[in-house]
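Visitor: Provided herewith is a single structure, encoded as C-alpha cells, for subsequent inquiry.
The values are calculated or read from the model by the stated rules, or taken from the named source; none is laboratory data. Please read these numbers as outputs of a predicted model, since none were measured by experiment. Neighbour counts are summed over all protein chains in view; Cβ atoms, including those assigned to glycine, are modelled from backbone coordinates with ideal geometry.
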Amino acid sequence: MADRRTVDELSLEELEELLIIKRREARMWRLRQLAAQGRVVHTSSSSLAQTSASHSDPGYTRPTGKRFSAVPLKPLDAAVRPSPSGMNRGQRLRDRILLGVEILALAGLLFVFFSAYETLRTLNQEVITARAAEREMLVPTPTPLVHFERLPGGHTPPNQLGGTTPDVPLHLQQWVQPAPPQPLPTPSVGKPTRIVIPAIGVDAPIVEGVTWEDLKKGVGHLPGSAHPGQRGNMYLAAHNDIFGEIFRDLDKLELGDEFFVYSGSHQFRYKVTAKRVIEPTDVSVMLPSTKPIATLQTCYPYLVDSHRLVVIGELVE
C-alpha cells in the first residue's frame, strides 16, 4: 500500500531514505541514457541492481580501483567535420575584406582633409590677390607738376642774346601778376580705410561693405554705421580662418588693449572695454550707440564658427 503521508509527517530518517531513493533513480536514468548512446560498458542488470543497492546503503564506501574501462569515441563524420583548410580560407577572406574596408575608410578620410586644405588654400590665395589689387588701386600714381610761365608757341621770337622778350611789357607786368594760390579746404573725416591692432599684429585695409566679396579684400565696414571719431557704433567685421585670417587672434585682446582706426591720414585711438561671445542671431551689437565706439566682430571658435566673438572699444582721442 502506498504511503500517503505528507513531507511534514515524515521523520528525518525517512526523509534521508527518500532522498537516497530519488538520487538512485536519477543516477539509474543517467546510466540508461549513456548506455543507449554507447558511452558506457554494458553490465548485467543484476550488477546494476547490486551497484544501486550498495549505493543505497548508508554505510556504503566507494571501492577503490578501476571501475569502468575506457570507451573509444566515434570520430565525427567527414562531411560534418569542418576542414581546416576551408576554415583558413574563410578566415583569410574575411581578414582581406576587413583590411580593404579599413583602407577605403582611411583613403576617404585623407581625401576629405586634403579637399578641405586645398579649399582653404585657394580662398587664402584669392584674398592675397584681391588685397594686392586693392593696394594697387589705393596707391595713387604721382603726377609730375608742370610749371609753365606761359603756353608754348608764343608770338615773340628770341632776341640776339638767346633770350626771349616777355609777352607783357615790363611796366605792365605788375598788373597781370598771377593770383596767389588758394589753400585747399580740409576734407572732413570720412569712411574708415585702415585698422591697426598692435597687440595681435593686425594691419589691414578697411573696405565698405560686409558681404562675402567685400571680406575677401579686408576688414568690412557696415554701411550706415558710424565713421571713425563719430558718436555712434562703428561696426567692423572680418574672418578668422579664411581670406587672410585677419581676426584670427581677436580673442587674445584683453581689456585695456588699444587699436587704431584710420580715415585717410587721420588716426583715431580706441581702447578695449568689453569682449564677449554671442550667438549669430544676436544683432543687438549692431545697434547705434550714444558714445563713439568701435565694434570688432569675427566668427568663433577657430575653424568651428558656431558663434561670434565681439570686441568693443571706446574712442580715446
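Visitor: Just need a number here: residues in segment 267-303 that are in a strand (DSSP E or B) and either among the charged types (D, E, K, R) or in contact (Cβ under 8 Å) with a residue 24 or more places away in the chain (or both).
Guide: Residues flagged as in a strand (DSSP E or B) and either among the charged types (D, E, K, R) or in contact (Cβ under 8 Å) with a residue 24 or more places away in the chain (or both) within segment 267-303 amount to 20.
Visitor: So Gly313 clears everything in (1) at pLDDT 95 or above; (2) surrounded by fewer than 19 Cβ atoms within 10 Å (Cβ to Cβ); (3) over 26 Å from the mean Cα position of the chain (by Cα) except one condition, right? Which one?
Guide: The one condition Gly313 does not meet is (2).
Visitor: Ok, one more. Kindly indicate whether Phe259 is closer than 18 Å to Met234 by Cα, in contact (Cβ under 8 Å) with a residue 60 or more places away in the chain and among the hydrophobic types (A, V, I, L, M, F, W, C).
Guide: It is true that Phe259 is closer than 18 Å to Met234 by Cα, in contact (Cβ under 8 Å) with a residue 60 or more places away in the chain and among the hydrophobic types (A, V, I, L, M, F, W, C).
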